[in-house]
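**Student:** Below: one structure in structure tokens.
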Amino acid sequence: MIYSCCIFVYCMFECFKTKNSVNYHLLFTLVLFSLIVTTVYLKVKEPVFHQVMYGMLVFTLVVRSIYIVTWVYPWLRGLGYTSLGVFLLGFLLWNIDNIFCDSLRNFRKKVPPIISVTTQFHAWWHILTGLGSYLHILFSLYTRTLYLRYRPKVKFLFGIWPVILFEPLRKQ
């Protein structure tokens, strides 16, 4: 989670750079951060430490994304805020599952299996954060391709699954 989120952070801060440029300072900082978090976590073995470090990275992504949809590409608000909302809903359900785990287990024993399945909030965390992350990847791709002067278009496969198609802008 830490490593993939660092890649997201790098992409979001470098999306307005020229092709083939590398920000070695940011790259070094994120790799160092990842290695420090990994080392400390392996020694301390405290999940809250990992969660706080991951939360810091997600917070950084949220702030950067809000900047982009507020000042750079305001027409991407729908995609940016949808990805954030879906991710945060998954995070909320995961926390509810952590706090009320025993109560939810007892509840699941008393209700029909179809209802029991829908209260598996940890599973919903994986589904919703995965979907939110995918939508954020689309947001990141859309932002980068616009900057590189491509014409990105969001299409829906099977009417429900968003993908980005892009073509270079024609010189006139």
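**Student:** Condition first: touching an Asp or Glu at 6+ places or on another chain (Cβ under 8 Å) and of a type in the set (A, V, I, L, M). Now tell me which residues in the range 21-55 satisfy that.
**Tutor:** Leu26
**Student:** Given the condition on the phi < 0 side of the Ramachandran plot and surrounded by 14 or more Cβ atoms within 10 Å (Cβ to Cβ), answer yes or no: does some residue in the range 20-29 qualify?
**Tutor:** yes
**Student:** With the structure loaded, tell me whether Phe107 is over 23 Å from Met1 (Cα atoms), open to solvent by 70 Å² or more (accessible area, probe 1.4 Å) and modelled with pLDDT under 85 or whether it fails that test. I'd like the intermediate steps shown before the answer.
**Tutor:** Details: over 23 Å from Met1 (Cα atoms): yes; open to solvent by 70 Å² or more (accessible area, probe 1.4 Å): yes; modelled with pLDDT under 85: no.
No; evaluated as a whole, the condition is false for this residue.
**Student:** Turning to a different aspect of this structure: Only one residue in Ser116, Ser83 is of a type in the set (Ser, Thr, Tyr), without any contact (Cβ under 8 Å) to a residue 40 or more places away in the chain and touching a helix residue (DSSP H, G or I) at 6+ places or on another chain (Cβ under 7 Å). Which one?
**Tutor:** None of the other options fit; the residue is Ser116.
**Student:** Can you pull out every residue in the range 63-85 that is open to solvent by 30 Å² or more (accessible area, probe 1.4 Å) and within 16 Å of the chain's Cα centre (by Cα)?
**Tutor:** The answer is Val63, Arg64, Ile66, Tyr67, Arg77, Gly78, Leu79, Tyr81, Thr82, Leu84, Gly85.
**Student:** Would you check which residues across the range 114-172 are under 17 Å from Lys19 (Cβ atoms) and either among the basic types (Lys, Arg) or open to solvent by 60 Å² or more (accessible area, probe 1.4 Å) (or both) and list them?
**Tutor:** Leu141, Arg144, Tyr147, Arg149, Arg151, Phe166, Glu167, Pro168, Leu169, Lys171
**Student:** Go through the range 33-62 and count every residue that is open to solvent by 80 Å² or more (accessible area, probe 1.4 Å) and under 14 Å from Cys5 (Cα atoms).
**Tutor:** Residues meeting the conditions: 3.
The values are calculated or read from the model by the stated rules, or taken from the named source; none is laboratory data. All values derive from a computational prediction rather than experimental measurement. FYI the Cβ positions are ideal-geometry reconstructions off the backbone, even for glycines, and counts take in every protein chain you see. Please note that ligands, DNA and RNA were not included when accessible areas were found on the heavy atoms of the full protein model with its side chains. Shrake-Rupley method; radii C 1.70, N 1.55, O 1.52, S 1.80 Å.
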